[in-house]
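J.: Sharing a structure with you now.
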Amino acid sequence: MALLDILVYPDPRLRNKALPVQEVDSAIGGLVDDMAQTMYSAPGIGLAATQVNLNKRIVVIDTSEHQDQLQVFINPVLTGMGEQIETEEGCLSVPGVIVPVKRHSEVQVSALGKDGKPFELHATGLLAICIQHEVDHLDGKVFVDYLSQLKRDRIRKQLLREGRNSGKAPDQRKESVPAI
């Protein structure tokens, strides 16, 4: 397994739309393992392949307290959504920034697992938020896109000024909201 570099906003590669995985094979399994190691090391609770400059529709998530329940979503499709709620979000690609974002309280997702088998999942709470956040990444969208242009510009300038556009996300253990 290898640690992958996490792209940092405003890197234009975060705007790439990921392509569906055609076959879940050992190479995809290795990529999932690398993504999981990168997410845990960052530390975060979710990571989309787009965030590590891979143009594949793959997401890894672990919202468990002890980070020992990895969930893998290959070619995820959201098929159902609950009411809109506002939650605080952070992101490994936008280090140190936590802002309120409106998301659906529930989602129904269909995807392939690491084994290549299809599954469906009804998610609520933090898992639902995380799935939406990561699928946004696969579609070339970053959570700051939900903010006003003025706020996005301030965040972009702040990250550029702080020199955080080096391609690596800093340690976010000090954050009270988990980085997705």
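The values are calculated or read from the model by the stated rules, or taken from the named source; none is laboratory data. Predicted model only: the values in this text are computed from it and were never measured. Please note: Cβ atoms are built from the backbone with ideal geometry, for glycine as well, and neighbour counts cover all protein chains shown. Areas reflect the complete protein model, heavy atoms only, side chains present, ligands, DNA and RNA absent. Shrake-Rupley method; radii C 1.70, N 1.55, O 1.52, S 1.80 Å.
J.: Given the conditions (1) out of contact with any Gly (no Cβ under 9 Å at 6 or more places or on another chain); (2) farther than 15 Å from residue 178 by Cβ, and given that residue 119 satisfies all but one, which numbered condition is not satisfied?
T.: So residue 119 meets the others, but not (1).
J.: If you go through the stretch 9-18 one residue at a time, do you hit one that is under 15 Å from residue 57 (Cα atoms), surrounded by 14 or more Cβ atoms within 10 Å (Cβ to Cβ), modelled with pLDDT of 95 or more and touching a strand residue (DSSP E or B) at 6+ places or on another chain (Cβ under 7 Å)?
T.: Within the stretch 9-18, one or more residues are under 15 Å from residue 57 (Cα atoms), surrounded by 14 or more Cβ atoms within 10 Å (Cβ to Cβ), modelled with pLDDT of 95 or more and touching a strand residue (DSSP E or B) at 6+ places or on another chain (Cβ under 7 Å).
J.: On to the next question. Kindly list, by first and then second residue, each pair from a residue in the stretch 148-170 that is open to solvent by 50 Å² or more (accessible area, probe 1.4 Å) to a residue that is among the hydroxyl-bearing types (Ser, Thr, Tyr) and at pLDDT below 90, limited to pairs with Cβ atoms under 9 Å and residues at least 6 apart or on different chains.
T.: Sorted first by the residue in the stretch 148-170, then by its partner, the list stays empty.
J.: Moving on. With the requirement that a residue be out of contact with any Asp or Glu (no Cβ under 7 Å at 6 or more places or on another chain), among the hydrophobic types (A, V, I, L, M, F, W, C) and not in a helix (DSSP H, G or I), what does the stretch 1-23 give you?
T.: Residues satisfying the conditions are 3, 6, 7, 8, 18, 19, 21.
J.: With respect to the numbered conditions (1) part of a loop (DSSP other than H, G, I, E, B); (2) charged (D, E, K, R); (3) at pLDDT 95 or above, which one is the sole condition not fulfilled by residue 174?
T.: The failed condition is (3).
J.: Name every residue in the stretch 42-77 that is within 19 Å of residue 103 (Cα to Cα) and either of a type in the set (D, E, K, R) or at pLDDT below 95 (or both), in order of residue number.
T.: Across the stretch 42-77, the qualifying residue is only 62.
J.: Would you pick out the residues in the stretch 28-87 that are within 14 Å of the chain's Cα centre (by Cα) and among the β-branched types (Val, Ile, Thr)?
T.: Matches in the stretch 28-87: 32, 38, 45, 50, 52, 58, 59, 60, 61, 63, 72, 74.
J.: In the stretch 128-163, how many residues are assigned to a loop (DSSP other than H, G, I, E, B) and either touching a helix residue (DSSP H, G or I) at 6+ places or on another chain (Cβ under 9 Å) or among the β-branched types (Val, Ile, Thr) (or both)?
T.: 5
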